[in-house]
Structures are given as structure tokens and as C-alpha cells.
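The values are calculated or read from the model by the stated rules, or taken from the named source; none is laboratory data. Note that the structure is a prediction, hence the values are computed from the model and not measured. So basically every Cβ, Gly included, is an ideal-geometry build from the backbone, and we count neighbours across all protein chains shown. Side chains are part of the model used for accessible areas, which takes the heavy atoms of the whole protein and leaves out ligands, DNA and RNA. Shrake-Rupley method; radii C 1.70, N 1.55, O 1.52, S 1.80 Å.
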Amino acid sequence: MWKICLLALALPATLAHQDKENYHEAHARLKRDLLRNYDKDLHPWMHKDKPINVSAGMSVFDMDMDDEGILNMVAWYRGMWQDERLTWHADDYHNIHEIRIPARELWVPDMEVYNAESYGHGSFSDTMHRMRNHYAIVYSSGKVLFIPPTNLKVRCMEDEGGEYPWGEYSCNLKIGPWTHSSLAFDLQPYDGKKYIELHNLDSPMVFTENSFQNDPLVKKVYDCCPETYASIEYKFKVQRQFKFGEN
């Protein structure tokens, strides 16, 4: 009985403390609660028969190509996944429905560009797994949105009959998890988009109309393992954009 009485006395004090708590303090308390005992090195696979929802995509802001056929892209990676460990009731935290947390403090899917020309400083791999300097948005449902800027380099092949530097080049960009099979990841194109967006109309290289004709979601079984592995493979063509005054 005395425990119940103490609880009854403590509850109004707790509520009074929450009433005095400002918005910043609520954010700080929410972050502390979410990351308490959180292991960023363990994937949030809660149910063995239910893979984690992971979506991935790209938006490109600039493309250029060197004389060896290496396509250089400045891009935004678009990633979203579900982490059940990062859920909360907004009513308990001043009606906060989302919070921004540095991605280096969170578990992030081990996505890689399989056919990248470089994995060094400033590459996609470096951005995703070594640096992680950008913030992710975590929603009360446990969804995590991570859109970091990155650099990509892939090799393209000049189509027959092309005339350098104005010929058309065939390229592909393959993104997927480095170690996780489809048993762990339910991989899908981000926002259902089966193409890479180009946002800069003044980019030296542009996508041609023959691009993104295939379904980018590919599932494959490798010789090493019985599980199916999913990846997103964009197949596209690029061409140097002609501008008046250029020879």
C-alpha cells in the first residue's frame, strides 16, 4: 500500500516537470531515450521471417565524363528503412513526430555501388560508411530517412558509330546491400521510382530518351550462397549536351 501512495505522490510531480519542460529539452530527452542501449552495429531485424523494409535511389545534380569514359556524378543518395528500435509515442514528447540525429549514431544499411570506379575519399562508400557526417530524419513510426550528397564514378561504353565527344554512351549503376540477403532486406526502389532524376538542366552530360527502360530491381542467387540477393541496377545512356559556341 505504501508503494502505491508514493507512486501517487510522485506522479503529479513528474507531470509538473513535463509541463515545465521546453521544446528543446523534450528533443534532448527523446534522443536520450531512443539511443539508450541502442547498438548501431546491429541491424534491427526483429522477426526472422520478416525482412527489414529498405528503399534506395539516386538523384543526380551534375554529370561529366572524362576521355576514358568515366562518368563522374554529383548525386544525392535517397535511402529509407524501418528501425523498430526508434519508435515512440509523440504525446510523451511534446507532440514531436520526427527528430534529426547524426547518421553516424544510427544503424545504416550496408549499401554499396557494386560497379564503382572508386571506393576512396569522397566516394559513395566513404559517405555511407566512414564519414556519415549528415543528419538522418527519424520518424516516430521508426522510419529513417537519409539523403546525403555523394560523388559517384562509373565506367561507360561508347556506342558504335559515336563521334567523340558527342557520341552516346551506355552506362549502368548497380546499388545493393554488401552482406544482407533478401531474407534480411526487402529492397525496393525509393518512392517507387525506376529511374535516376537529373535536376540540373545545365549539366554537361544528360540522360537520353533511351534510358531506364528496364525494371531496376534485380534478384540473383550467387554460387557462394543459397539465399537470394536483391540489387537496384539502373541502365541508362548519356550524351554530352551541345551548347551554342562549342565546337
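Before moving on, here are some points about what is shown:
- Residues in segment 22-34 that are in contact (Cβ under 8 Å) with a residue 40 or more places away in the chain and surrounded by fewer than 15 Cβ atoms within 10 Å (Cβ to Cβ): Tyr23, Asp33.
- Criterion applied to Lys194, Lys220 was being assigned to a strand (DSSP E or B) and either open to solvent by 90 Å² or more (accessible area, probe 1.4 Å) or of a type in the set (Lys, Arg) (or both), and the one residue passing it is Lys220.
- Residue list for segment 122-175, restricted to those being assigned to a strand (DSSP E or B), closer than 25 Å to Lys40 by Cβ and among the small types (Gly, Ala, Ser): Ser123, Ala136
- On the stretch given as segment 223-232, residues that are surrounded by fewer than 17 Cβ atoms within 10 Å (Cβ to Cβ) and in a strand (DSSP E or B) total 1.
- If you filter segment 105-135 down to residues that are over 30 Å from Cys171 (Cβ atoms) and in contact (Cβ under 8 Å) with a residue 60 or more places away in the chain, you find that the one that is surrounded by the fewest Cβ atoms within 10 Å (Cβ to Cβ) is Glu105.
- Residue that is in contact with a helix residue (DSSP H, G or I) (Cβ under 8 Å, 6 or more places away or on another chain) and touching a residue at least 60 places away in the same chain (Cβ under 8 Å), where the choices are Gly142, Gly176, Gly167: Gly142
- Index of the failed condition, Arg78 passing every other in (1) basic (Lys, Arg); (2) open to solvent by 70 Å² or more (accessible area, probe 1.4 Å); (3) touching a helix residue (DSSP H, G or I) at 6+ places or on another chain (Cβ under 6 Å): (2)
- As a summary of the residue check, Lys219 satisfies the conditions (1) in contact with a Pro (Cβ under 7 Å, 6 or more places away or on another chain); (2) of a type outside the set (Ser, Thr, Tyr); (3) more than 23 Å from Met73 (Cβ to Cβ) except for the one numbered (1).
- Conditions (1) open to solvent by less than 50 Å² (accessible area, probe 1.4 Å); (2) over 14 Å from the mean Cα position of the chain (by Cα); (3) of a type outside the set (A, V, I, L, M, F, W, C): number failed by Gln213: (1)
- Residue that is nearest to Met157 (Cα to Cα), among those in segment 85-121 that are assigned to a strand (DSSP E or B) and not aliphatic (A, V, I, L, M): Glu112
- Scanning segment 120-179 for residues that are touching a Lys or Arg at 6+ places or on another chain (Cβ under 6 Å) and hydroxyl-bearing (Ser, Thr, Tyr) returns Tyr135, Ser170.
- Residue within segment 129-144 that is within 30 Å of Val206 (Cβ to Cβ) and more than 12 Å from the chain's Cα centre (by Cα) present: yes
- The residues in segment 35-67 that are open to solvent by 50 Å² or more (accessible area, probe 1.4 Å) and part of a loop (DSSP other than H, G, I, E, B) can be counted, and the count is 13.
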